[in-house]
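S.K.: Take a look at this one; I'll ask things after.
The values are calculated or read from the model by the stated rules, or taken from the named source; none is laboratory data. Predicted, not measured: the structure shown is a model, and the values here were computed from it. Here the Cβ positions follow ideal geometry from the backbone for every residue, glycine too, while neighbour counts run over all protein chains shown.
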Amino acid sequence: MSNETKTPGRFGRLYRGLTTVDFVGRKKLWFTISIAVIIFGLGSLGVRGFNLGIEFKGGTTWEVLAKHSSVAQMTSAVEKVGIKSPTVQKLGSSTYQVSADINSLSQDQQVTVTNNVAQAMATTAGVSFNQVSTSSIGPTWGSGITKRALEALIVFFIAVVGYISVRFEPKMAFAAFVAMVHDLLITVGVYSLLGFQITPDTVIAILTILGYSLYDTVVVFDRVRDNTSGVLKSGDMSYGEMVNLSMNQTLARSINTSLVAILPVLSVLVVGAYILGATTLQNYGLALFVGLLSGAYSSIFIASPLLALMKEREPRFKDLAKRASDRQERLTLTPAAAARLGSDGAQRQSRSSSTASGIAPRARKQKRR
């Protein structure tokens, strides 16, 4: 039999605590990638803007059940009665929804256009006029929804920054805030680039993904705080190297958490929206999918490296950083090695305590004699 041990692969190293990924040392690369994607998205936002849903900009929607029609046929039918650039969607397997902004027309013109579109959709679907449902949203109501969405986002940011500042420290709160803004900008940039429609479902999804991103970030920060009062006190490791260790210790957990969240959302998009035709789930699912990917990235490659960058400017950590830079090689400690060091230290402390407690009884016995 061979005594050689098989070298574990990448996943084996990950789940055995043998990873030594230098997240902090490559922070310039991570920051450059994020900045490039954000600038590209903001450029699209400045040129193309958002594809706002009717709930935000106001307008009218018509819905009809049509088993033997297509999006192209329905679009052609409503364009012939005067609707320019309508938004036509297939909801489910056979329900069609047409949206258009006709608020700029006079009241009489709106009534005429509404009836003409309903009649054209009914004719295309092969149903009666009464089977087309119509609903209208005014621009005032749409602007109110937009205002409340922004207020909810601001309140969320304030609550998160306040909590992390008290629970951890202000620099961790700032790093977490930057990571969340990163996720928000990436998501809205992708929506602008690809022309996805923004609806109230999108706003709910964005708040949800910010929560997921925050969860992963807090898990890493909690480990950083523990290691600050542990392995960092030995003086052999800089703050950045300690952050690297903390991230490698929580890497498997972060990946598992992200996969558990992303896979069901991907199933909703692929199976629900594209295979089964449940497009009502599409807006919510798209925002979740894009945001969860961005959140997983920012928790690992943005928040913690940014924290290390800020903390290593503090006087008490500058000496550790200088000592680390003077070394020929960067100190890399795997999670498994750190666990062994902690275990050995605990055993030494236990033996020391046992020895001290064992001397006292013998001394008392000798005194009695």
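S.K.: May I ask you to list the residues in region 90-126 that are in contact (Cβ under 8 Å) with a residue 60 or more places away in the chain, surrounded by fewer than 18 Cβ atoms within 10 Å (Cβ to Cβ) and at negative phi?
M.R.: Listed by number, the residues that qualify are Lys90, Leu91, Ser93.
S.K.: Among the residues of region 171-188, is there at least one that is among the hydrophobic types (A, V, I, L, M, F, W, C), part of a helix (DSSP H, G or I), touching a helix residue (DSSP H, G or I) at 6+ places or on another chain (Cβ under 6 Å) and closer than 16 Å to Gly285 by Cα?
M.R.: yes
S.K.: Counting only residues that are hydroxyl-bearing (Ser, Thr, Tyr) and under 29 Å from Ser192 (Cα atoms), give me the strands (runs of 3 or more DSSP E) lying completely in region 39-144 with at least 2 of them.
M.R.: Filter on region 39-144 gives 59-65, 95-100, 133-137.
S.K.: Of these, Ser213, Ser238, which one is under 20 Å from Ile158 (Cα atoms), among the polar types (S, T, N, Q) and crowded, with 19+ Cβ neighbours inside 10 Å?
M.R.: Ser213
S.K.: In addition: Quick check on region 185-206: of everything there that is within 17 Å of the chain's Cα centre (by Cα) and of a type in the set (Gly, Ala, Ser), which residue is farthest from Val47 (Cα to Cα)?
M.R.: Step by step, filter region 185-206, then rank; the result is Ala205.
S.K.: Sticking with this structure for a sec: Report whether or not Val219 is in contact with a Ser or Thr (Cβ under 8 Å, 6 or more places away or on another chain), buried (at least 22 other Cβ atoms within 10 Å of the Cβ) and at pLDDT 85 or above.
M.R.: Criteria not met by Val219.
S.K.: Any residue in region 172-188 that is touching a residue at least 12 places away in the same chain (Cβ under 8 Å), of a type in the set (D, E, K, R), assigned by TED's automatic domain parsing to the domain that holds Tyr239 and buried (at least 18 other Cβ atoms within 10 Å of the Cβ)?
M.R.: Yes; the residues of region 172-188 include at least one that is touching a residue at least 12 places away in the same chain (Cβ under 8 Å), of a type in the set (D, E, K, R), assigned by TED's automatic domain parsing to the domain that holds Tyr239 and buried (at least 18 other Cβ atoms within 10 Å of the Cβ).
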